[in-house]
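What follows draws every value from the coordinates through simple rules; no lab data is involved. In this text, all values refer to a predicted model and were calculated from it rather than measured experimentally. Every residue, glycine as well, gets a Cβ built from its backbone with ideal geometry; the counts of neighbours run over all protein chains shown.
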Amino acid sequence: MSTQKILLEEKGDIGTLTLNRPDRGNAVDKEMMGAMEGILSELSVKGHLRVLVLCGRGEDFCAGRESWPKPTKSAEDWGEELGQIVRVNHLLTTFPGITIALVQGKANGFGFGLAVLSDLTLSAENSRFSFSEIKAGFPPTIVMSYLSRWIS
């Protein structure tokens, strides 16, 4: 079993990006977010994939971000973490190929966002979508800005 938290497999012009932390519901930590940003950036520049499939290993697609910035963090820390989310979202929405999210189990917060930002989302019967950031006292403003195109 691979210890990498993000896996990329390419077969011809189809790529599969797998969130690989099944023991944590594929919750995205800072390292994973950086890896995802790097992979999406590199794939966008190369432009060789016609399709990119996003999936999660195990029972859940993505249980969201592992942690939110604490209220005691500085504005710079907040800006860095939220900026990284916005950059990943931008890379996904401007990806030169078709993006497909295969959702099973939890798609919370950032995981919900990945589903919303993909061109096509296929969800299993056991899929559960939620704005988990509300529990931490944060409004889901980033994902909500994309949600209207997903449900229309």
Exercise. Near the amide H of ALA101, under 5 Å away, which other amide H atoms are found, from residues 5 or more places off or on another chain, if H is placed in the peptide plane?
Worked result: LEU54, LEU120, THR121, LEU122
Exercise. With the chain treated as a Gaussian network of Cα nodes joined by springs under 10 Å, which of PRO139, PRO96, PRO22 yields the largest mean-square fluctuation?
Worked result: PRO139
Exercise. Taking the Cα centre of each part, how many Å lie between the range 5-33 and the range 81-152?
Worked result: 15 Å
Seminar exercise, completed: Relative contact order in percent for the range 77-152 (Cα pairs under 8 Å, 6+ apart) equals 29 percent
Exercise. In nm, to one decimal, how far is the ARG50 label point from the SER67 one, both placed 7 Å along Cα→Cβ?
Worked result: 4.4 nm
Exercise. Using the per-residue mean of other Cβ atoms lying within 10 Å as a proxy for protection, in what order, highest first, do the peptides 7-16, 111-120 fall?
Worked result: 111-120, 7-16
Seminar exercise, completed: antiparallel share of DSSP beta bridges within the chain, to nearest 5, in %, is 25 percent
For this session: Note the count of lysine pairs whose C-alpha atoms are less than 17 angstrom apart in the chain, limited to pairs 8 or more residues apart or on different chains.
Result: 6
Exercise. Once you charge only the Cβ atoms, +1 for Lys and Arg and -1 for Asp and Glu, what is the size of the charge dipole of the chain about its Cα centre, to the nearest 20 debye?
Worked result: 200 debye
Seminar exercise, completed: GNM of the chain, Cα pairs under 10 angstrom: of GLY109, GLY83, GLY137, the biggest fluctuation goes to GLY137
Seminar exercise, completed: Residue separation between ALA136 and LEU122 times 0.36 nm, minus their alpha-carbon distance, gives in nm 2.3 nm
For this session: Return one number: the angle in degrees, 0 to 90 and rounded to the nearest 10, between the long axis of the Cα atoms of helix 30-46 and the longest principal axis of the Cα atoms of the chain.
Result: 40 degrees
Exercise. Around GLY109, with a cut-off of 11 angstrom between Cβ atoms, what is the net charge of the other residues, counting Lys and Arg +1 and Asp and Glu -1?
Worked result: +1
Exercise. What is the calculated FRET efficiency for GLU10 to GLU59, with r their C-beta to C-beta distance and R₀ = 25 Å, to the nearest 0.05?
Worked result: 0.45
For this session: Give the Cα extents of the chain along the principal axes, in whole Å, largest first.
Result: 47, 38, 35
